[in-house]
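Taken together, the values in this text are just the output of simple stated rules run on the coordinates, not laboratory data. Since the model is a prediction, treat every value here as computed from it, not as a measurement. Because the Cβ atoms are built from the backbone with ideal geometry, glycine has one as well, and the counts that use them run over all protein chains shown.
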Amino acid sequence: MSETIEIEFKNILTKDEYETLLNTFKVEENQIISQTNHYFDTSDFKLKELGSALRIREKNVNYEMTLKQPASVGLLETTQYLSEDEFMEATKKGILPKGIIHDRLEQLNISFNNLEYFGSLTTRRAEFPYKDGLLVLDHSFYLNSEDYEVEYEVEDFQRGKLAFQELLEQYGIPFRVTQNKIARFYQQKNISGLFEI
């Protein structure tokens with residue numbers, strides 16, 4: 001189990017912009033890793049209403065369940081590691097394992113029994129150090145759609161924001177208001193309303 005504050009900046013890219021950044025930073029094919037996010041919420045989207053999200057990430061036969069909640073700066077991420085059996089129970093039967101995330105959701109008056117599995121989004125991800133943070137280049141596939149995105153994960157909001165703005169300017173990439181992956185997933189699934197996480 002771990003709890004961290006996530007501070008990140010993101011921008012949707014065109015395919016050409018994405019490929020330019022891959023080439024600029026000399027990203028090789030073997031540096032790109034595939035991961036899949038599996039999303040959960042109640043049928044009436046109580047987590048969404050709270051500006052929160054629940055996902056299980058599948059990566060290299062490792063599974064971690066993460067609850068994201070708003071924090072004063074960034075997001076509070078609570079992560080719990082799962083076995084393959086727990087992962088299969090969650091995605092095939094909708095049965096989520098007990099633990100710290102169960103306890104957090106109970107504090108929010110959301111019952112584990114009311115959570116439903118809504119689907120998955122697969123990302124081909126390259127990540128590497130950049131200035132004082134981690135630069136991430138994503139190519140995501142979901143619901144017969146795909147998109148490209150750059151993310152910049154940092155510890156200091158102001159310095160990170162400046163470095164990210166400079167990166168976009170340096171490569172002639174316009175700033176685009178960018179929803180997070182779960183919001184884009186649900187939007188493609190035709191579920192109305194914006195996610196703020």
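General remarks:
- Overall, the ratio between the Cα radius of gyration of the stretch 106-197 and 2.2 N^0.38 Å, rounded to two decimals, is 1.32.
- Local net charge near Y142, Cβ-Cβ under 11 Å (Lys/Arg +1, Asp/Glu -1): +1
- For the pair the stretch 1-37 / the stretch 93-114, the C-alpha centres are spaced 30 Å from each other.
- Scaled against the 2.2 N^0.38 Å expected of a compact globular protein of N residues, the Cα radius of gyration of the stretch 1-116 reads 1.23.
- Too-long pairs where the Cα-Cα distance tops 24 Å, listed order kept, from K15/K92; K10/K98; K26/K131; K48/K161; K26/K68: K15/K92; K10/K98; K48/K161; K26/K68
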